[in-house]
Amino acid sequence: MNPITVAIFDVNEKAILAGPQNKSARVLYAIFKAQPDIKTLIVTSKIIRQNKLEGVDVFVVPGGGNVLVQQWMLGIRGRKIIRDFVRKGGGYFGICSGAFLATNARFGWLALVDVKLHDMKHQNRGGGLINVKLNPDTANAILSPKWINNPLRPMLYWQGPLMRLSTASELTQAKRKQGFGIINEIASFGCVIEPEDAKDEKIRFPEYFSDEHMTGYTACISTTFGKGRVFISSPHLEHPEDNQNMIPEIIHWTAQKGTSLECS
């Protein structure tokens, strides 16, 4: 079997995953490098504009960054390349800021996912460990039984999107023409386990990292855009370490190799 080629987006123009903002990227890189059937590239916005993700199966936007910086670095042309890449059958995997970037909640984001975001006013809420509950009815098409049989997982949350899914069971013709697919809730937020220290002056609303404001909202979703597959996660799936083996399974699904899910 040919390896899956994964491209990790790096806002550092030297493509070295440098700087504290790329901690998530470095962990993902290590996870992918440990997989014999995954080939890993690091791509900058310049590389994306030059080669248009040629030969790539899955484009990955890690967490730990600033979605506005990611948007700005990609530029109009870079964002169009990514949208065309997914529309034609490529995969997209985004964590935290990478999940924000995939949505159509703000002008200039990638608009691969048609989803509403809850309480953006208090988005600067900090984070910590939170229980995330997998939905067996949808997650079993992507993840192996060892995860489905233990669906309540502690995960690190750090100001990722709180997603609200539409109650409509069918897509409008207009949405289908734009490329959007049906959204599947793969996991939802449960109870807060352990908040991190919120003394950082940049964290304005630590009280909004709480059961009252987060429980029940969508944490992870899968969908399609055109012929491609999209998986986005608000919490950091790479933390704690016990969850890391979920990520290669998600990559196989987004690459359309090894599993199947009806999304459209």
Report task. Name, by its number, the condition in (1) under 26 Å from ILE182 (Cα atoms); (2) open to solvent by less than 50 Å² (accessible area, probe 1.4 Å); (3) not basic (Lys, Arg) that does not hold for THR215. Result -> (2)
Query raised in the report: Got a number for residues in segment 13-39 being open to solvent by less than 40 Å² (accessible area, probe 1.4 Å), at pLDDT below 95 and more than 16 Å from the chain's Cα centre (by Cα)?
Result: 4
Query raised in the report: Restricted to segment 134-170, and to residues that are among the charged types (D, E, K, R) and in contact with a Phe, Trp or Tyr (Cβ under 9 Å, 6 or more places away or on another chain), which residue is modelled with the lowest pLDDT?
Result: ARG164
Query raised in the report: What number goes with the only condition from (1) over 18 Å from VAL115 (Cβ atoms); (2) touching an Asp or Glu at 6+ places or on another chain (Cβ under 6 Å) that ILE203 does not pass?
Result: (2)
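Would you be able to tell me the number of residues in segment 177-207 that are β-branched (Val, Ile, Thr) and touching a helix residue (DSSP H, G or I) at 6+ places or on another chain (Cβ under 7 Å)?
Final tally of qualifying residues: 2.
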Requested in this report: Collect the residues in segment 44-69 that are of a type outside the set (D, E, K, R), open to solvent by 10 Å² or more (accessible area, probe 1.4 Å) and either within 10 Å of ALA7 (Cβ to Cβ) or modelled with pLDDT of 90 or more (or both), keeping them in residue-number order.
Outcome: ILE47, GLN50, ASN51, GLY55, VAL56
**Report entry** segment 96-113, residues that are surrounded by fewer than 21 Cβ atoms within 10 Å (Cβ to Cβ) and in contact with a Leu (Cβ under 6 Å, 6 or more places away or on another chain)
**Finding:** ALA105, TRP109
Query raised in the report: Any residue at all in segment 82-89 that is assigned to a loop (DSSP other than H, G, I, E, B), at pLDDT below 95, touching a strand residue (DSSP E or B) at 6+ places or on another chain (Cβ under 7 Å) and not polar (S, T, N, Q)?
Result: no
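The values are calculated or read from the model by the stated rules, or taken from the named source; none is laboratory data. Only a predicted model underlies this, so the values are computations on that prediction, with no experimental measurement involved. Heads up, the Cβs are rebuilt from the backbone with ideal geometry, glycines too, and the neighbour counts pull from every protein chain shown. Heavy atoms of the whole protein, side chains included, go into the accessibility calculation; ligands, DNA and RNA do not. Shrake-Rupley method; radii C 1.70, N 1.55, O 1.52, S 1.80 Å.
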